[in-house]
1. Could you please find all residues in segment 32-68 being loosely packed, with under 15 Cβ neighbours inside 10 Å and among the small types (G, A, S)?
2. Which pairs have Cβ atoms under 8 Å, sit 6 or more apart or on different chains, and link a residue in segment 8-19 that is in a loop (DSSP other than H, G, I, E, B) to one that is open to solvent by 30 Å² or more (accessible area, probe 1.4 Å) and modelled with pLDDT of 95 or more?
3. Looking at E43, is it touching a helix residue (DSSP H, G or I) at 6+ places or on another chain (Cβ under 8 Å) and at pLDDT 90 or above?
Amino acid sequence: MAAGMTIGVTLYSWNGRPALESRDGRVRYIASPGTGWIGATDETAASVATLRAQAITIGRDEFDARFGGAPWNVPDLDGWFQRRDPARPFDSYAKARAWANR
């Protein structure tokens, strides 16, 4: 499996679910296998304090090992998490770097 690329994020396993915290303190997570990232709305938001209290920090390779394949199949989230993919156009990487450094 290709390793993921993180841009300015901390990766977590939150009660067995994939979660991310960005440098600006925003949280994204996946609630159940096969679904997409959530956390951007008031209804799905999670606090950084909750995430840090309940989740364990894991590295990029461990994150990919746990969540990159079935059943989770973690999708890319532009500017937060991108999988290394030789077929991905260079501008996607540049866009992620620009997002992380703003």
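The values are calculated or read from the model by the stated rules, or taken from the named source; none is laboratory data. What you see is a predicted model; the values in this text were computed from it and never measured. Every residue, glycine among them, receives a Cβ derived from its backbone with ideal geometry; neighbour counts consider all protein chains shown. Note: areas computed on protein heavy atoms with side chains; ligands, DNA, RNA excluded. Shrake-Rupley method; radii C 1.70, N 1.55, O 1.52, S 1.80 Å.
1. S32, G34, G36, A40, A45, S47, A49, A53, G59, A65, listed by residue number.
2. So the pair list comes out as N15/Q54.
3. Considered against the rule, which asks whether it is touching a helix residue (DSSP H, G or I) at 6+ places or on another chain (Cβ under 8 Å) and at pLDDT 90 or above, E43 comes out as no.
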